[in-house]
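Take a look at the structure set out below.
Every number in this text was worked out from the coordinates using simple rules, so none of it is lab data. In this text the structure is predicted, and so the values were computed from the model without any measurement. With ideal geometry, Cβ positions are generated from the backbone for all residues, glycine too; neighbour counts draw on all protein chains shown.
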Amino acid sequence: MTDRDTIRILEELIAALDVRLPRMEHAGEAAIARDAAALKVSALERIAALRPAADPDDTRPPLF
């Protein structure tokens with residue numbers, strides 16, 4: 001798997017996390033929302049670290 005592949009997968013993960021709406025009436029949902037937010041931050045950090053290595057000539061803005 002290349003860095004580009006990993007970035008694409010992480011971007012898809014972030015998109016899925018952004019689509020999901022918390023349902024606070026359900027037990028444990030607040031914890032799930034906190035975990036999802038932390039996962040998104042981690043994914044964004046990993047993308048930032050991988051992006052220059054994936055294609056240093058890529059001038060497109062990041063999706064996230």
Let me have the relative contact order for segment 3-54, percent, based on Cα pairs under 8 Å that are six or more residues apart.
-> 61
Considering the Cα trace of segment 3-54, what is its radius of gyration and what is Dmax, both in angstroms?
-> 13.0, 43
Report the GluC sites (Glu not before Pro) located in segment 1-56 that are in a DSSP loop and have at most 15 other Cβ atoms inside 10 Å of their Cβ, or state none.
-> Glu25
